[in-house]
Amino acid sequence: MRTEFEFFSPVKLVTGVGASQKMDQWVKAFGADRILVVTGSHVVKSHSFEVFAEAMKEQGISFEVYSKVRPEPPMHMVDELAKYVRNENFGLVVAVGGGSPMDTAKAVCMLKNNEGSIKDYLFGGSKVPKEPSLPLICIPTTAGSGSEVTASSVIEDSDNHIKLSCTHPNLLPKIAILDPLIQKDMPPAITAGTGMDAMTHAVEAYTSKNSSVFSDIYARRAIELIGEHLPKVMDEPDNLESRMMMAQASSMAAIAFVNGGLGAVHGISQSIGGIAHTPHGVTNAILLPKVMKYNYQGNLEKFADIALLLGVDTSRLTLEEAAKAAGERIARLNQQIGIPDNIACLNVTRDMFPEIIKGAMGYRLLWMNPVDFTQELAEKILTESLLGQEG
């Protein structure tokens with residue numbers, strides 16, 4: 001754990017049942033005459049979005065809806081939308097959806113006032129944002145990515161089959177609205193996958209070599225809340241209290257990883273996603289217990305604490321047994337909520353391993369992983385994940 005660090009979390013959080021239906025106050029606060037709503041094709045057809053849009057109309061808000069955001073948004077789609085926004089007089093953008101709409105909106109808001117393509121601003125590119133972004137409000141419809149409180153936009157480089165991020169304080173949303181009503185329409189599989197995405201954020205942030213006492217506070221509470229409330233929302237989709245707790249835990253986990261870091265799960269998962277186009281949350285969920293099987297040795301105390309936070313009785317276990325039990329508990333949670341136990345079901349094949357490993361080893365946060373991560377360890381984890389061995 002680091003004792004010298006910076007901690008940054010400037011996004012205003014607005015929480016409450018029905019909070020997404022009170023947009024007029026925020027539109028007035030930004031003095032916006034015309035709004036662009038960015039969402040995806042599934043969300044736009046949902047009942048919750050219909051209620052959101054109707055509330056905007058009743059409040060006399062002038063808005064347009066862009067609903068063509070694809071999962072794992074490609075560069076050309078971002079550039080096309082940015083070209084449109086540059087030529088229009090939108091005063092505010094509202095992203096309604098999961099990580100993909102929010103990441104797309106962050107990139108487009110940045111490109112409104114900064115020239116060039118999104119490719120120029122992705123990791124390894126030649127540009128950094130110099131001008132402030134168009135104001136952005138994020139309303140997550142999933143409890144997982146945490147993009148509503150981060151300064152990163154993850155975009156797919158389709159040419160090189162890899163997902164890259166643009167990270168800069170200018171990309172931070174102004175407001176994040178956490179409303180369980182707008183998350184009620186999440187299908188069970190999306191609830192499970194995104195929930196375990198948030199769990200992965202929290203676990204990796206807590207056990208990161210870059211963690212601090214401040215990031216630990218957010219990570220620990222997120223782990224505890226997700227462990228308690230994710231099974232509840234799977235059993236009771238209309239449980240607004242548990243939906244609210246999951247929404248808040250997702251934001252907590254994101255604040256934790258923004259400040260504390262990530263590790264090998266995300267390194268492998270992002271590489272797999274760029275090559276096999278797998279759903280990010282489910283990929284993380286499958287990999288998490290497999291990686292924890294090796295990572296626990298890097299910080300026995302914290303992994304033992306994770307087991308305790310997830311309800312494991314560690315009173316009769318040694319420290320190492322308790323630490324190992326954390327990954328085993330995650331594997332059982334996956335099974336409980338219907339997460340598959342292997343990446344083969346995501347159409348990942350062994351012949352992809354060399355390219356996946358190459359991408360994983362190039363992950364810029366890999367140094368934060370609690371144990372040294374090697375190509376040999378990556379191959380071992382991928383093999384176990386392909387076969388579906390327990391974590």
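The values are calculated or read from the model by the stated rules, or taken from the named source; none is laboratory data. Keep in mind it's a predicted model, so treat the numbers as computed, not measured. Because the Cβ atoms are built from the backbone with ideal geometry, glycine has one as well, and the counts that use them run over all protein chains shown. With ligands, DNA and RNA removed, areas are computed over all heavy atoms of the protein, side chains included. Shrake-Rupley method; radii C 1.70, N 1.55, O 1.52, S 1.80 Å.
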- Message: Using the Karplus curve 6.51 cos²θ - 1.76 cosθ + 1.60 with θ = phi - 60°, what ³J(HN,Hα) values do you get for each residue of segment 137-143, in whole Hz, with x for Gly and Pro?
- Response: 10, 10, 10, x, 9, 10, 10
- Query: Accessible area per residue, 1.4 Å probe, Å², for the chain: what's the number?
  - Reply: 41
- Item | segment 287-391: GluC sites (Glu not before Pro) in DSSP coil with no more than 16 other Cβ atoms inside 10 Å | Glu390
- Item | Other-chain or far-sequence residues with amide H under 5 Å of Thr15's (modelled H) | Leu178
- Message: Which lysines, if any, have their Cα less than 30 Å from the Cα of Lys184, not counting same-chain residues under 8 positions apart?
- Response: Lys12, Lys22, Lys28, Lys45, Lys57, Lys68, Lys106, Lys163, Lys174, Lys232
- Kindly write out, for segment 63-77 in residue order, the coupling ³J(HN,Hα) from the Karplus curve 6.51 cos²θ - 1.76 cosθ + 1.60 (θ = phi - 60°), rounded to whole Hz, with x marking Gly and Pro. 8, 10, 10, 10, 10, 9, 5, 9, x, 6, x, x, 4, 5, 5
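Taking the DSSP beta bridges in the chain as the whole, what percent of them are antiparallel, to the nearest 5?
20
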- Rounded to the nearest 10, the angle in degrees between the Cα long axis of helix 375-387 and the longest principal axis of the Cα atoms of the chain comes to 80
- Any idea what diffusion coefficient segment 186-264 gets from Stokes-Einstein, in µm²/s, Kirkwood Rh on alpha carbon pairs, 25 °C, 0.890 mPa s? 202
- Message: Per residue of segment 329-340, what does 6.51 cos²θ - 1.76 cosθ + 1.60 with θ = phi - 60° give for ³J(HN,Hα)? Whole Hz please, x for Gly and Pro, Karplus curve as stated.
- Response: 5, 4, 4, 5, 5, 3, 4, 4, 9, x, 7, x
- Given a 1.4 Å probe and every protein chain left where it sits, what share in percent of the accessible area of the chain is carbon and sulfur? 51
- Query: Once amide H atoms are built 1.01 Å from N in the peptide plane, which residues 5 or more positions from Val69, or in another chain, come under 5 Å H to H?
  - Reply: Thr39, Ser41
- Query: Taking only C-alpha pairs under 8 Å that are 6+ residues apart, what is the relative contact order of the chain in percent?
  - Reply: 16
- Message: So if I average 1/r over every pair of distinct C-alpha atoms in the chain and take the inverse, what Kirkwood radius in Å does that give?
- Response: 20.9
- Item | Distant-in-sequence amide H partners of Asp157 (H built 1.01 Å from N, under 5 Å) | Ile162, Lys163, Leu164
- Query: Where Rh denotes the Kirkwood radius from the mean inverse Cα pair distance, what is Rg over Rh for segment 234-370?
  - Reply: 0.98
- Note on the structure: With every protein chain kept in place and a 1.4 Å probe, the residues Lys324, Lys83 fall, from largest accessible area down, as Lys83, Lys324
- Item | Gain upon complete extension [Lys57, His76; 0.36 nm per residue less C-alpha separation] | 3.7 nm
- Task: Grab the Cα-Cα distance for Glu4 and Lys380, subtract it from 0.36 nm times how many residues apart they are, and report the gain in nm with one decimal.
- Result: 131.9 nm
